[in-house]
1. Working carefully through the options G133, G114, find the one that is more than 23 Å from N63 (Cα to Cα) and surrounded by fewer than 19 Cβ atoms within 10 Å (Cβ to Cβ).
2. Only residues that are of a type outside the set (S, T, N, Q) and out of contact with any strand residue (DSSP E or B) (no Cβ under 6 Å at 6 or more places or on another chain): list them for segment 308-335, please.
3. Looking at segment 188-207, can you tell me whether even one residue there is within 16 Å of the chain's Cα centre (by Cα) and either in the same structural domain as K300 (by TED's automatic domain parsing) or at pLDDT 95 or above (or both)?
4. If we scan segment 158-172, do we find a residue that is within 16 Å of the ligand (Cβ to nearest atom), farther than 21 Å from A196 by Cα and part of a helix (DSSP H, G or I)?
5. Take the residues in segment 100-143 that are more than 15 Å from Q311 (Cβ to Cβ) and free of Cβ contacts under 8 Å to residues at least 40 places away in the same chain; name whichever of them is farthest from the ligand (Cβ to nearest atom).
6. Can you name the residue in segment 203-239 that is free of Cβ contacts under 8 Å to residues at least 12 places away in the same chain and of a type in the set (D, E) and is also nearest to G133 (Cα to Cα) among such residues?
7. Among the residues of segment 19-46, which ones are within 16 Å of the ligand (Cβ to nearest atom) and either hydrophobic (A, V, I, L, M, F, W, C) or buried (at least 18 other Cβ atoms within 10 Å of the Cβ) (or both)?
8. For G49, all conditions in the list (1) among the small types (G, A, S); (2) more than 16 Å from the ligand (Cβ to nearest atom); (3) crowded, with 24+ Cβ neighbours inside 10 Å hold save one; what is the number of the exception?
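The values are calculated or read from the model by the stated rules, or taken from the named source; none is laboratory data. Model, not experiment: these values are computed from the prediction. Positions of Cβ are generated from backbone atoms using ideal geometry, with glycine treated the same way; all protein chains shown enter the neighbour counts.
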Amino acid sequence: MSQEKVLMKGNEAMAEAAIRAGCRFFFGYPITPQTEVAAYMARRMPKEGGTYLQAESEIAAINMVYGASSAGARVMTSSSSPGVSLKGEGVSYMAGADLPGVIVNVQRGGPGLGGIQPSQSDYWQATRAMGHGDFQVLVFAPSTVQEMADLAYLAFEKADEYRMPAMILSDGMLGQMMEPVVLPERVEQLPEKPWATTGHKGERKHNIVDSLYLTADELERLNIERFERYETVKAREQRAETFMCEDAEIVLVSFGATARIAHSAVVRARAEGIKAGLLRPITLWPFPVDAIEGCMGCAKAFLSVEMNMGQMVDDVRLAVNGRVPVEFFGRTGGIIPTPDEVLDAIRKLAGKGGE
Ligand SMILES: CC(C)C(=O)C(=O)O
């Protein structure tokens, strides 16, 4: 396996990893700060024998994803917050038809058109309300350019394995920053998709991909089946990284770009004698409740650090279930929290000053 490092933007590393994962269809629409994903795909897809298409809207793009996925292809679309909202209906249809596919959100501040600076304010949307109906999507939260590539690659595999949409929940900071990255090897064998509408030359029954079920019993049965599958996903696919959590009394929980700042604050808190640690969820759905449980032995308090008004903190509170206090620190509107601000919040929780 080649370990050659290349310097790339997060958006571009993610796009290249998708190609290496076998993605041959990309349907997009420009929006800051994700446009490099589309630009990269426009350049690379024709060379790979794939299709890049700039759709007339985000809604059109997600429905093209539905079509290509129905035919068994690995397919991706990408946008930023307001654009992802437009895709919600299509993602719900994909979930209802049990279609895999990768949706990227390079988040910017909201609500509404908001701004073009980084944000994590679509956590609730990704984990709770990606569209109408009873369903979940897999949500991966990269924290480095390397993870933008690795998790995009993994997202295709897991989306196919569980026949569900997968989201990369990135942000404008990770999308725009450049770091060295080792790109994944090209996938050798794509999985069989016996359910896909590939044409059958009269040799088998028609495959039908649909999300319309007018019989309530059948719709309920399918929803129950899907939620049984989600239980398997929750048991097998929780991912998290911990840093200095073995004896941590103040456990910071932080994902994506913000986790990098929380990491610096933990190092500085330790230098002041505060037993702080960091738990970084890598999957946001399923939320890594087992990793939270692993910290319960020493934790006296949790601090959820986010680039929003407090969204993931809900999941931390659910996992902690009232056993110790769970507090929140965040900045919003495109403002990136500083290590100083986070350190101050740690000091306050530890009862050692803070403004
Ligand atoms: C309105 C502008 C800022 C915009 O949404 C974009 O360029 O993505």
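1. Details: G133 fails: more than 23 Å from N63 (Cα to Cα).
After applying the criteria, what remains is G114.
2. Correct list: M309, D314, D315, L318, A319, G322, R323, R331, G333, G334, I335.
3. So in segment 188-207, the residues within 16 Å of the chain's Cα centre (by Cα) come out as none.
No: zero hits.
4. Within segment 158-172, one or more residues are within 16 Å of the ligand (Cβ to nearest atom), farther than 21 Å from A196 by Cα and part of a helix (DSSP H, G or I).
5. Per the stated criteria, the residue is G112.
6. E220
7. Result: G28, Y29, I31, P33, Q34, T35, E36, V37, A38, A39.
8. (3) is the only condition that G49 fails.
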